[in-house]
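Below: one structure, written as structure tokens.
The values are calculated or read from the model by the stated rules, or taken from the named source; none is laboratory data. Remember, it's a predicted structure, so these values are computed and weren't measured experimentally. Here Cβ is always computed from backbone atoms with ideal geometry, including for glycine, and neighbour counts include all displayed protein chains.
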Amino acid sequence: MKIGVISADSASESRVALTPDAVKKLRKLGFDVVVQSGAGEAAYYADELYQAAGADIAMSSTEVVTQSQIITTVHDLPAATTDSLTSGQVIVGMLDPYRNTQLDTYAAKGATAFAMELLPRTLSRAQNMDVLSSQANLAGYKAVLLAANEYSRPFPMFMTSAGTVKPAKVVILGVGVAGLQAIATAKRLGAVVEASDLRPAAKEQVESLGGKWLDVPMSADEAQKAKATGGYAWTPSEQYIKDQAAVVDKALTNADIVITTAQIPGRQAPRLVHGATIAKMKAGSVLIDMAAGTGGNVEGSLPDQTITTDNGVRIVGAANIPSMLAAQSSDLYANNLVNFITTLLAPSTDEASVDKLALNLDMADEIQGALAVTHEGQLRLAKR
């Protein structure tokens, strides 16, 4: 059975789905692997490294698709390759399913497409397949470094003969995996950090990292609802939204650095920072919008662009931060994919079949069933 690796079809994407180390692991499992020439180049993995790991090199993405039963990708397949798909093939990647315009094509071709973003993250056996967490961890770290590079002052406090340099004030909005890593990184650099999130339970996590929790008054009913749904699925009251806006407005007015991380799969990113608040911020302050690629948390942010407002605030639309750490991001992503692909294998029933790999696509399995957006000619994606 052959696994294919497609080169990213985007000027803003440097990651690769499988690394040479991942190829070695798959070869030990009995897979053959074919890699599109140049697929790993932007992540510093040359074709020669893949060949040394036991992979074949194909000259085009179409050639990879026609040879492979399982096709791995970072994002969606290039549109030009979909005509070459055949029934029974498997596609694995971060397919952005709620915005993907090719799912009907995959279903019509009889391909099974697994969108790794849909992984049930509460399952303990799924943790080593969690692409969102592995990529968000790196993104949270790098976001702080981007902010430090844009900011015209240092992060830590300095005591000098010419006077004292005050530490930077950093505000993190959204305390998921990326937000927590951003807090930890900013603290390591010596900043004073504040953070806010819809989930009351995040307060303990923020404080454990040395951050200050931006408290928003919440009714007992809202607190219970937030706890029951994990924070992201509940709709706050109008009063809570007003109170949150007031707290955020005050914090951002005094902030030097603001990093926003809030994204909701299948929906536009929530607007957390409005123009009226930006107008009150200090000249030279920096906003890093990690949700710029899905609508943006910050009013006026644009994907992959840096804008300076009339009052001197720099807004960085950081749409794909993991790609900036392509080598490490690819390593982690490839490990996630290998761990998932191994769950697709049917168990060997006798000694004669040990060397013959077979797939067991089981939509009743809680992981496969959650990730499969097309299977056996059907579109399986639940509406949101």
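Screening segment 109-201 for strands (runs of 3 or more DSSP E) wholly inside it with 2 or more residues that are in contact with a Leu (Cβ under 7 Å, 6 or more places away or on another chain), in contact (Cβ under 8 Å) with a residue 60 or more places away in the chain and buried (at least 21 other Cβ atoms within 10 Å of the Cβ) returns the ranges 112-115, 169-173. Every condition in (1) of a type outside the set (A, V, I, L, M); (2) modelled with pLDDT of 95 or more; (3) under 30 Å from residue 101 (Cβ atoms) is met by residue 380 except one, and the failing one is (2).
Of all residues in segment 295-318, those satisfying the criterion of being hydrophobic (A, V, I, L, M, F, W, C) and assigned to a strand (DSSP E or B) are 298, 307, 315, 316.
Keeping to segment 155-206, report how many residues are among the basic types (Lys, Arg) and closer than 21 Å to residue 136 by Cα.
Result for segment 155-206: 4.
In segment 288-299, the residue that is surrounded by the most Cβ atoms within 10 Å (Cβ to Cβ) out of those that are under 18 Å from residue 143 (Cβ atoms) and in contact with a strand residue (DSSP E or B) (Cβ under 7 Å, 6 or more places away or on another chain) is 290. One residue alone among 99, 121 is basic (Lys, Arg) and under 17 Å from residue 335 (Cβ atoms), and that residue is 121. Does residue 8 qualify as being of a type in the set (A, V, I, L, M, F, W, C), crowded, with 16+ Cβ neighbours inside 10 Å, farther than 17 Å from residue 78 by Cα and not assigned by TED's automatic domain parsing to the domain that holds residue 318? Taking the combined requirement at face value, the residue does not satisfy it.
Would you please name the residue that is farthest from residue 320 (Cα to Cα), looking only at residues in segment 259-307 that are β-branched (Val, Ile, Thr) and over 19 Å from the mean Cα position of the chain (by Cα)? Write out each step before concluding.
Going through segment 259-307, the residues β-branched (Val, Ile, Thr) turn out to be 259-261, 264, 273, 277-278, 286, 288, 294, 298, 306-307.
Those still in the list that are over 19 Å from the mean Cα position of the chain (by Cα) too: 273, 277-278, 286, 306-307.
Values: 273: 20, 277: 25, 278: 23, 286: 18, 306: 14, 307: 17 Å.
If we take residues in segment 259-307 being β-branched (Val, Ile, Thr) and over 19 Å from the mean Cα position of the chain (by Cα), then 277 is farthest from residue 320 (Cα to Cα).
Could you tell me whether segment 89-104 includes any residue that is in the same structural domain as residue 362 (by TED's automatic domain parsing), surrounded by fewer than 17 Cβ atoms within 10 Å (Cβ to Cβ), within 30 Å of residue 318 (Cα to Cα) and of a type in the set (Val, Ile, Thr)? The answer is yes; a qualifying residue exists. Among the residues in segment 205-228, are any touching a Ser or Thr at 6+ places or on another chain (Cβ under 6 Å), farther than 25 Å from residue 320 by Cβ and without any contact (Cβ under 8 Å) to a residue 60 or more places away in the chain? Yes, segment 205-228 has at least one match. Of all residues in segment 251-278, those that are in the same structural domain as residue 195 (by TED's automatic domain parsing) have Cβ atoms under 6 Å from Cβ atoms of residues that are among the small types (Gly, Ala, Ser) and surrounded by fewer than 19 Cβ atoms within 10 Å (Cβ to Cβ), 6 or more apart or on another chain, in 268/295; 269/295. Each residue in segment 252-268 was checked for being in contact with a strand residue (DSSP E or B) (Cβ under 8 Å, 6 or more places away or on another chain) and part of a loop (DSSP other than H, G, I, E, B), and 5 of them qualify. For segment 360-377, the candidate set comprises residues that are in contact (Cβ under 8 Å) with a residue 40 or more places away in the chain and part of a loop (DSSP other than H, G, I, E, B); within that set, the residue that is nearest to residue 102 (Cα to Cα) is 377. Within segment 280-287, is there a residue that is over 20 Å from residue 149 (Cβ atoms) and either surrounded by fewer than 17 Cβ atoms within 10 Å (Cβ to Cβ) or in contact (Cβ under 8 Å) with a residue 24 or more places away in the chain (or both)? Yes, some residue in segment 280-287 is over 20 Å from residue 149 (Cβ atoms) and either surrounded by fewer than 17 Cβ atoms within 10 Å (Cβ to Cβ) or in contact (Cβ under 8 Å) with a residue 24 or more places away in the chain (or both). Here residue 276 clears all of (1) crowded, with 18+ Cβ neighbours inside 10 Å; (2) part of a helix (DSSP H, G or I) except the condition numbered (1).
Does at least one position in segment 308-321 carry a residue that is hydroxyl-bearing (Ser, Thr, Tyr), at pLDDT 95 or above and crowded, with 16+ Cβ neighbours inside 10 Å?
yes
Here is a yes/no grid of residues against (1) modelled with pLDDT of 95 or more; (2) under 23 Å from residue 293 (Cβ atoms):
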site	(1), (2)
63	yes, no
78	no, yes
87	yes, no
96	no, yes
103	yes, yes
106	yes, yes
111	yes, no
114	yes, yes
119	no, yes
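Looking across 77, 95, 26, one residue alone is farther than 30 Å from residue 264 by Cβ and within 26 Å of the chain's Cα centre (by Cα). It is 26.
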